Amino acid sequence: MKKTKCNFFLLLFYFLGLFYLVLPEPVIPNLEPGFKSTEPGDTIQIPGVWAYYTNLSREESINFFEKRFKKSPFLGIPLITYKLNHPPEYARETIKDTLFSNFYEELVHPLRESLFISGWIPSEDEVYLKDKKDPITDFVIEGEHYNAKITLFHVQSSVFSRILVWTGINALIFLLINEALKIFKLPWKKK
């Protein structure tokens with residue numbers, strides 16, 4: 001009876017995980033208010049990368065994307081989401097090596113996808129301001145002034161690879177539980 005109950009919960013856990021992994025990805029909208037960048041490297045040159053000019057603060061920009069990234073378009077089902085804060089220097093390694101950045105955060109859906117958000121607010125970048133004789137402190141695009149540039153990098157995995165990894169994880173969990181039970185029962189086994 002106990003083994004059947006344990007197998008039932010493992011199977012339920014597996015199928016709930018499968019459901020989570022095959023849910024459609026959230027649609028990432030344009031940053032409002034903002035202006036979508038048309039500079040080289042911010043459009044189609046690097047797959048999954050795009051950028052915006054905006055007057056939103058770091059917190060407002062992150063919250064804008066986090067709110068929309070947390071839910072699947074299928075019935076608005078909430079997705080497991082973690083927010084990671086990375087050193088800004090990592091943006092040059094993961095997005096592009098010419099990127100200025102003074103904050104770099106990642107929104108993660110475990111085993112599914114990540115949205116990296118890199119922001120550069122020149123007026124708040126002390127290193128940049130100290131090193132330049134005539135630093136820019138805002139961006140003028142089509143006559144409008146913006147104080148920040150937000151660059152996004154969306155990293156996705158295929159549904160097949162998600163299912164393959166999830167199945168492997170569950171197979172290992174099943175094997176480990178069975179082996180652990182054998183080890184714990186061994187001292188009390190009748191000879």
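The values are calculated or read from the model by the stated rules, or taken from the named source; none is laboratory data. Everything numeric in this text was worked out from a predicted model, so none of it was measured. Cβ placement follows ideal geometry from the backbone for every residue including glycine, while neighbour counts extend to all protein chains displayed.
Brief remarks on what is shown
- Condition check for ILE117: closer than 17 Å to ILE28 by Cβ, crowded, with 19+ Cβ neighbours inside 10 Å and either among the charged types (D, E, K, R) or touching an Asp or Glu at 6+ places or on another chain (Cβ under 6 Å) (or both): yes
- Residue pairs meeting the criteria (Cβ under 8 Å; at least 6 apart or on separate chains; first within 18 Å of THR4 (Cβ to Cβ) and aliphatic (A, V, I, L, M), in the range 168-191; second at pLDDT 85 or above and in a helix (DSSP H, G or I)): none
- Complete set of residues in the range 1-37 that are surrounded by fewer than 10 Cβ atoms within 10 Å (Cβ to Cβ) and of a type in the set (S, T, N, Q): THR4
- Qualifying residue in the range 38-54 (condition: part of a loop (DSSP other than H, G, I, E, B), modelled with pLDDT of 90 or more and more than 13 Å from the chain's Cα centre (by Cα)): no
- Filtering the range 86-97 for residues that are of a type in the set (A, V, I, L, M, F, W, C), buried (at least 17 other Cβ atoms within 10 Å of the Cβ) and touching a Lys or Arg at 6+ places or on another chain (Cβ under 6 Å) leaves an empty set.
- Residues satisfying the stated conditions in the range 105-116, i.e. of a type outside the set (Lys, Arg) and either touching a Phe, Trp or Tyr at 6+ places or on another chain (Cβ under 6 Å) or closer than 24 Å to VAL165 by Cβ (or both): GLU106, LEU107, VAL108, HIS109, PRO110, LEU111, GLU113, SER114, LEU115, PHE116
- In the set (1) among the β-branched types (Val, Ile, Thr); (2) buried (at least 16 other Cβ atoms within 10 Å of the Cβ); (3) closer than 30 Å to PHE19 by Cα, the condition left unmet by VAL155 is number (2).
- Residue match in the range 170-183 (condition: at pLDDT below 90, surrounded by 11 or more Cβ atoms within 10 Å (Cβ to Cβ), aromatic (Phe, Trp, Tyr) and closer than 30 Å to SER114 by Cβ): yes
- Only one entry of THR81, THR151 meets the criterion of being under 20 Å from PRO29 (Cα atoms), β-branched (Val, Ile, Thr) and touching a Lys or Arg at 6+ places or on another chain (Cβ under 6 Å), and that entry is THR81.
- Positions within the range 60-89 being touching a residue at least 12 places away in the same chain (Cβ under 8 Å), in a loop (DSSP other than H, G, I, E, B) and closer than 20 Å to LEU23 by Cα, in sequence order: LYS70, SER72, PRO73, PHE74, ILE77, LEU79, ILE80, THR81
- The range 4-37 - residue that is polar (S, T, N, Q) and assigned to a helix (DSSP H, G or I) and, of those, nearest to SER158 (Cα to Cα): ASN7
- ILE163 in a helix (DSSP H, G or I) and either of a type in the set (Lys, Arg) or surrounded by 13 or more Cβ atoms within 10 Å (Cβ to Cβ) (or both): yes
- Just so you know, in the range 127-144 the residues that are on the phi < 0 side of the Ramachandran plot and touching a residue at least 40 places away in the same chain (Cβ under 8 Å) include one that is surrounded by the most Cβ atoms within 10 Å (Cβ to Cβ), and it is PHE139.
- Matching residues in the range 145-160 - criterion: being under 23 Å from the mean Cα position of the chain (by Cα) and not in a strand (DSSP E or B): SER157, SER158, VAL159, PHE160
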